[in-house]
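One structure below.
The values are calculated or read from the model by the stated rules, or taken from the named source; none is laboratory data. Treat the numbers as computed from the prediction; the structure is a model and nothing was measured. Neighbour counts are summed over all protein chains in view; Cβ atoms, including those assigned to glycine, are modelled from backbone coordinates with ideal geometry. We work out accessible area using only protein heavy atoms, side chains counted, and drop any ligands, DNA or RNA first. Shrake-Rupley method; radii C 1.70, N 1.55, O 1.52, S 1.80 Å.
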Amino acid sequence: MADRSWMSYVMPFGKYKGDTLAIIRMNDVGYILWAAENIKQPDVNEQFQKALAYINEVDPWSLPSKSGRE
């Protein structure tokens, strides 16, 4: 079963500061992908990696397509 601990993580900065990753996923799933690839702060990136792994396991079609990715 997929790890859901990331869902309650509260974004500490930026566009979604104060929102949980569950809310971000519902409103802008593409941001999860972007953040997992671009945010370098280890503790924050870890949460986005967990979110991305969960999405890839339970709902991979919800992620936007990316050039070069199939």
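State all residues of segment 1-27 that are closer than 17 Å to Pro60 by Cβ, of a type outside the set (Lys, Arg) and open to solvent by 30 Å² or more (accessible area, probe 1.4 Å); if no residue qualifies, say none.
If the condition is that a residue be closer than 17 Å to Pro60 by Cβ, of a type outside the set (Lys, Arg) and open to solvent by 30 Å² or more (accessible area, probe 1.4 Å), then Met1, Asp3, Met26 are the ones that fit.
Quick check on this structure: which one of Asn56, Asn27, Asn38 is in contact with an Asp or Glu (Cβ under 9 Å, 6 or more places away or on another chain) and without any contact (Cβ under 8 Å) to a residue 60 or more places away in the chain?
Values: Asn56 fails: in contact with an Asp or Glu (Cβ under 9 Å, 6 or more places away or on another chain); Asn38 fails: in contact with an Asp or Glu (Cβ under 9 Å, 6 or more places away or on another chain).
Just one listed residue meets the conditions, Asn27.
Looking only at segment 28-63, which residues are loosely packed, with under 10 Cβ neighbours inside 10 Å and in contact with a helix residue (DSSP H, G or I) (Cβ under 6 Å, 6 or more places away or on another chain)?
None - no residue of segment 28-63 is loosely packed, with under 10 Cβ neighbours inside 10 Å and in contact with a helix residue (DSSP H, G or I) (Cβ under 6 Å, 6 or more places away or on another chain), so the list stays empty.
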